[in-house]
Amino acid sequence: MKEASALLRKLGDGALVYAGGTDIIPRTKFKKLAPAHLINIKKIPGLKGIKLNKASLTIGTLTRFNDIIFSDIINKHLPILAEVAKGMASHQVRNLATIGGNICNAAPSADSAPILIALGSKVRIYTPKGNREVPLEKFFRCACQVELARGEILTHIIVPLPAKGTGLAYRKHEIRQALEIAITGVAVALDIKRGVCKDARVVVGACAPTPLRCKAAEAHLVGTKLGPEDLEKAARSAAEEIVPISDMRASAEYRREMTAVNLKRAVEDAKGRAGA
Amino acid sequence: MSKAERTPDQKKGAVMKKVLMQITVNGDGYEVAIKPNHTLADLLRDDLNLTGTNIGCGTGDCGACTVLLNGEAVNSCLVLALDAAGSEVVTIEGIAKDGKLDPVQKAFIELGAIQCGFCSPGMIMTAKDFLKKNPKPTKEEATEAISGNLCRCTGYVKIVQAIMEAYKYA
């Protein structure tokens, strides 16, 4: 780790951390990137695997999405993450792509970030002066940039385990069903007690430079029984809070509409899973 | 298809030196001198003359280049060759045993799952990985299994059928 960090600092802008390569290689081939050096971190020990703690999971940055999908710990304690992973890229890509890479590549449309933010996740970062931890919600600086200084490396993602009575859902709006980038991705985490929503986190991807927490939408859900009018208000609110662009995949207006639609769907999914 | 070795961003005259690496492909050990910016797909096709693995998109979107890397299906166009040093790779050339076709190959041939054949090696290697864990899949499972592989000829119907019935050809 020390060596990798030192190399990154020494080589500067021309050096990139290389793990799965599933973003770096295509972007290099498309001439969006031209790294002079790739620092392969895959042999650094302690960065792989999923650890079950009392109230959280610690996921190593090198954990691949297929490792997540086939993990007993994930399927027992946080199946939503496996569900999200199954909707990403393809089986072949998921045998290479790492969760740390997906986070640090920071594509606005990335699928892992919204649900991880909704769960209140933190990231642990190696720095030459010792580790530091940052809430994932604060880790995205802007499109394709995370809050990492040169020489810092993401090592682990710490995900709090949802309390009993929590419903989790992720709705990815896409044109085709695989190898597709979200037009909008809505993650929802609801704490429901006796039919009343006590807390809500709504995080939308692909509709802003970074994953966006829609706090006004959340406010429309908290304290309600999540009836149709509550969902409609929250959906309209989210559609206003996001700052989508028009690009080759969709217009900004379509993204607003589909965010509203998928927020309602995600809330219904989460409601059904809360089981409290 | 070999990509350009130098991008306009790299200094003129700065040529990448080849690096020596070991790799096992289809059970055979090789030593190859390879440029750091070449992929596993390039190594297999250009350096080892194993041209069964096809490069379609070159960016991990079509699955034509699928091989088994340490037993797992990956897009070989996304793996840097040097990153596969010391690994075991199985390609389409490596699945027939003692001159006898693999059951998946037999199923593909006999059920008409091959037309132009360009996607077939990638489809078959993906199927090999998938069928290890699920040898008698449903139509939905077999369809999902190949969601990382594109075919422009067959419409996927026979491919899905071949994957569902490969166990019969064992």
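Structural remarks
- The set of residues in segment A:117-131 that are under 29 Å from A:A169 (Cα atoms) and either assigned to a strand (DSSP E or B) or free of Cβ contacts under 8 Å to residues at least 60 places away in the same chain (or both) comprises A:S121, A:K122, A:V123, A:R124, A:I125.
- Scanning segment A:62-77 for residues that are more than 14 Å from chain B (Cβ to nearest Cβ) and touching a helix residue (DSSP H, G or I) at 6+ places or on another chain (Cβ under 8 Å) yields A:T63, A:I68, A:S71, A:I74, A:N75.
- Counting the residues of segment B:142-155 that are of a type outside the set (G, A, S) and either within 12 Å of another protein chain (Cβ to nearest Cβ) or closer than 16 Å to B:T66 by Cα (or both) gives 6.
- Matching option when the condition is acidic (D, E) and within 14 Å of chain B (Cβ to nearest Cβ), among A:E83, A:E133: A:E83
- Scanning segment A:14-61 for residues that are touching a residue at least 12 places away in the same chain (Cβ under 8 Å), facing chain B (nearest Cβ under 9 Å) and more than 21 Å from A:A113 (Cβ to Cβ) yields a count of 4.
- Filtered residue count, segment A:224-251, keeping only those that are of a type in the set (A, V, I, L, M), surrounded by fewer than 17 Cβ atoms within 10 Å (Cβ to Cβ) and within 15 Å of A:G205 (Cβ to Cβ): 2
- Selected residue (only one of A:K54, A:K48 is assigned to a loop (DSSP other than H, G, I, E, B) and within 25 Å of B:S76 (Cα to Cα)): A:K48
- In the condition set (1) within 20 Å of A:K42 (Cβ to Cβ); (2) among the aliphatic types (A, V, I, L, M); (3) assigned to a strand (DSSP E or B), A:I103 is compliant with all but (3).
- Criterion: at the interface with chain A (Cβ under 9 Å from one of its Cβ atoms) and either among the aliphatic types (A, V, I, L, M) or touching a Pro at 6+ places or on another chain (Cβ under 7 Å) (or both) - qualifying residue of B:L78, B:L40, B:L68: B:L78
- In segment B:39-52, the residues that are in contact (Cβ under 8 Å) with a residue 60 or more places away in the chain and under 23 Å from A:T22 (Cα atoms) reach residues that are in a loop (DSSP other than H, G, I, E, B) and not aromatic (F, W, Y) with C-beta atoms within less than 9 angstrom, at least six apart or across chains, in these pairs: B:G52/B:T91.
Every read-out reported here was derived from the displayed coordinates using simple, explicitly stated rules and does not represent laboratory data. Keep in mind that what you see is a predicted model, and the values were worked out from it rather than measured. For neighbour counting, all protein chains shown are included, and Cβ atoms are generated from backbone atoms with ideal geometry for every residue, glycine included.
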